[in-house]
Amino acid sequence: MGFVQELRKLDLFKSPGVAESIDWATALSELNVLDLDPRTINDTLGVLLKYQDDIQRLQGSEAAEILRKVKSDIAAQPLG
């Protein structure tokens, strides 16, 4: 859910709420997604964001950069 938390920090018309986050997690589960990648995010942003302007803004490099940041933050955390 780190990706969603990062989205909530952005100046979006409507940030994803709890319902959208649950819907997105369900969609990712149904798609058997085990590891997020930029393509999967681009393909599923419509579940997470409700306004086309927000979706268009994030598709591509901005979503990929957020994902890189989240994965980097996770990798930097100590285990245990």
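Return the pair list, or none, for Cβ contacts closer than 9 Å from residues in segment 66-80 that are surrounded by 14 or more Cβ atoms within 10 Å (Cβ to Cβ) to residues that are among the acidic types (Asp, Glu) and assigned to a helix (DSSP H, G or I), at least 6 apart or on different chains.
Ile66/Glu6; Leu67/Glu6; Val70/Glu6
Within segment 7-16, is even one residue among the hydrophobic types (A, V, I, L, M, F, W, C) and touching a Ser or Thr at 6+ places or on another chain (Cβ under 7 Å)?
Taking segment 7-16 as the starting set, the residues that turn out to be among the hydrophobic types (A, V, I, L, M, F, W, C) are 7, 10, 12-13.
Still in the running and touching a Ser or Thr at 6+ places or on another chain (Cβ under 7 Å): 7.
Yes: one or more hits.
Can you list the helices (runs of 4 or more DSSP H) found entirely within segment 36-80 that contain at least 2 residues being aliphatic (A, V, I, L, M) and within 13 Å of Val4 (Cβ to Cβ)? If you could, list the steps in order and put the result at the bottom.
Working: elements: 38-48, 52-58, 61-76.
It comes to 38-48, 61-76.
Cβ-Cβ under 7 Å, sequence separation 6+ or interchain: first residue in segment 13-28 and under 12 Å from Leu45 (Cβ atoms), partner part of a loop (DSSP other than H, G, I, E, B). Which pairs?
These pairs meet every condition: Pro16/Leu49.
Mind listing whichever residues of segment 23-35 are at pLDDT 95 or above and either surrounded by fewer than 11 Cβ atoms within 10 Å (Cβ to Cβ) or part of a loop (DSSP other than H, G, I, E, B) (or both)? Let's see the steps before the verdict.
First, pick out the residues of segment 23-35 that are at pLDDT 95 or above: 23-33.
Result: Ser29, Glu30, Leu31, Asn32, Val33.
How about segment 43-58: which of its residues are farther than 14 Å from Ser15 by Cα and surrounded by 17 or more Cβ atoms within 10 Å (Cβ to Cβ)?
Scanning segment 43-58 gives a single hit, Thr44.
The values are calculated or read from the model by the stated rules, or taken from the named source; none is laboratory data. Keep in mind that this is a model prediction, so the values were computed, not measured. Here Cβ is always computed from backbone atoms with ideal geometry, including for glycine, and neighbour counts include all displayed protein chains.
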